[in-house]
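Throughout, read-outs are computed from the coordinates displayed, never taken from laboratory work. All figures in this text were calculated on a predicted structure; none of them were measured in a lab. Cβ placement follows ideal geometry from the backbone for every residue including glycine, while neighbour counts extend to all protein chains displayed.
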Amino acid sequence: MFLSKDNLMFKSMKSSDRQSNLAIYCALIVLSLLTLPSCQPLQTVSEAQEEKRDLLSESPWAEPDAVVAEVNGKTITQADYYRLVMKKYGTWTVLSGIVKEELFLQKANELGITVDENIVKARVRDRLLKEAQLLGGSNGEDPMKELEKLFKEQRLNLQEVERDMAETVRPQLLIGEVVKHLRVIDDKLLREAYQQTYAGRQYRLSHIAYGYGKDPSRRVEAFERAVHSVGRLRSDKIEFATLAKNESEDGLTALRGGDMGFLPRDQLEKQHPKVKEAILKLKVGEISDPVDFDPQGSIHIFKLTEVLDPKNFDEVREELEKQLRSREPTLEEIQATLKQLEVGAKVKVFGFNRGTAGS
């Protein structure tokens, strides 16, 4: 797929065993929420979640002797809880990450940078959807429903998981925006970008994705949905952007009505043969037949919305700068920006032995 991938500070876990991946993934979610589902037999999920949130929102040592759980008659106090969390999940490693994140967040605040909550929600949903598609469904079941079912077994619900994942995604997006803002764009970089884009023909595309993961039975269903959608689009029964927002399982482009931006001709040549063939057949405004090429398991419908002929450098210099400024940062860029922020920062760390913390 030629859609830009997110350059995240943390790589997602992968596993060849779908069910093992599902179990581990859910376990990580449970740990990240710091819940004790087996000790909450009389609570609903929402009650347990709200109690957990109330606990974490208090000052850690406000009531150190307050009992937060009881296991076979043995009490666990609030002080015990925080000591165990710190011991199990690390001290210096965690604090180091918090310090680095704080440097970025302070710079974001200084620059007046914020993130759109709709993008946060879309990014979270997109991650969950990709996990679900990798899992596939048992007996043709929707993978998202299977994922949600396992969450319920752990006394969680999908909405709560999304809300807590957003707490991780939001600072990651802010970090990305800070990197973009501080990115140095010189003449050399602009000319390199020009050779890769406006020096040749470009194709602006939109798409709609129907996922099926690894489940062959859902592939048939996804293909039939795509065929039905092509019929509606070609008969002008619905606008492409509307359908993309309502049905596309690529959460990020769905927000933009399926818009994927421009694809230079030299990049088109590097795409999957099925994608290249489908796009080159299209005239502006036309809709492709369903294309099944994605190794992650999804059917795609493409629309060619615009074709740009080559332009001279001076004509597109300003536009190129905007595009380079908005490009998703690489991990190397994030690390380089962090070093810049650390140079002028005054960071003091108290009471942590870096050699033994987290053990």
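Observations, loosely collected:
- Surrounding net charge for residue 238, when Lys and Arg each add one and Asp and Glu each subtract one, Cβ distance under 15 Å: +3
- The relative contact order of segment 251-359, computed from alpha carbon pairs under 8 Å that lie at least 6 residues apart in sequence, is 14 percent.
- Residue order, fewest to most surrounding Cβ atoms within 10 angstrom, among 298, 288: 288, 298
- Ranking of 325, 219 by count of other Cβ atoms within 10 Å, fewest first: 325, 219
- Global geometry of segment 141-278, whether rounded, prolate or oblate, following the gyration tensor of its Cα atoms and the 1.5 cut on a/c: oblate
- Fully extended contour minus Cα-Cα distance, from residue 317 to residue 188, at 0.36 nm per residue: 45.3 nm
- Inter-label distance, nm, simple model (7 Å from Cα along the C-beta direction), residue 350/residue 168: 3.1
- By the count of neighbouring beta-carbon atoms within 10 Å, fewest first, 96, 229 end up ordered 96, 229.
- Within-12-Å neighbourhood charge of residue 154 [Cβ basis; K, R +1; D, E -1]: 0
- Computed FRET value (nearest 0.05) for residue 339 with residue 232, which takes r as the C-beta separation and R₀ as 51 Å: 0.50
- Cα shape, segment 232-326, gyration tensor, a/c 1.5 rule: prolate
- Of the peptides 170-178, 331-339, the ranking by mean beta-carbon count within 10 Å, highest at the top, reads 170-178, 331-339.
- Net charge in the neighbourhood of residue 278 (other residues with Cβ under 12 Å of its Cβ; Lys, Arg +1, Asp, Glu -1) is 0.
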